[in-house]
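For reference, the structure is listed below as structure tokens.
The values are calculated or read from the model by the stated rules, or taken from the named source; none is laboratory data. The structure presented is a predicted model; accordingly, all values stated were derived computationally and were not measured. We place every Cβ from the backbone using ideal geometry, glycine too, and count neighbours over all the protein chains shown.
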Amino acid sequence: MSEEVDKLNEISDFFRRMNAKILLLRMLKKAKEEYDKYDYELARKTLIQAYFTDKKNSVIFRGLGCINQFKGKWNSAIRYFNRALKYSDKKEIEYTLLGMAYYLQGKLDDAIIYFNRAIDVNDDYNPAYEGKNQSLLENHLKIIDLQESLKKQF
């Protein structure tokens, strides 16, 4: 009888875990749909709700970072991306998001550092190369502009 009870408890635990995963996936899908409709506040609320289902889910932190980035809350976005990085299996995504956060602020040297980290983790990750190339190009253009302005002064 004890073995049967143990087996039933094991099955019950399995279904509870699966139900929690399904619930989490539904919330993440809902948050993405809200984000895609530009309803960032509703997406944020859904992600916060999802956080209470799984407090170590990188996708939740990634989403919260993107929402804050869109709002121009750079420090918050970077904190969320770093938290996502802590739990992520796909660190190249978080490094690229960090690079983009710095790029959008015009901090090109910092952006390049994070794009390079993404490439170090996964040298086939094209978004990191695209971000790095754009940052390098803009850095180069700034140098040319500086050189031109110095020429005009003399």
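Each row is one residue, and each column tells you yes or no for (1) under 30 Å from Asp54 (Cα atoms); (2) not charged (D, E, K, R).
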{"residue": "Asn82", "(1), (2)": "yes, yes"}
{"residue": "Tyr87", "(1), (2)": "yes, yes"}
{"residue": "Ile93", "(1), (2)": "yes, yes"}
{"residue": "Thr96", "(1), (2)": "yes, yes"}
{"residue": "Gln105", "(1), (2)": "no, yes"}
{"residue": "Asp120", "(1), (2)": "yes, no"}
{"residue": "Ala128", "(1), (2)": "yes, yes"}
{"residue": "Ile144", "(1), (2)": "no, yes"}
{"residue": "Gln147", "(1), (2)": "no, yes"}
If we keep just the residues of the range 77-116 that are β-branched (Val, Ile, Thr) and more than 10 Å from the chain's Cα centre (by Cα), which is farthest from Leu137 (Cα to Cα)?
Ile113
What's the number of the condition Tyr80 fails, among (1) outside the structural domain of Leu42 (by TED's automatic domain parsing); (2) among the aromatic types (Phe, Trp, Tyr); (3) buried (at least 22 other Cβ atoms within 10 Å of the Cβ)?
(1)
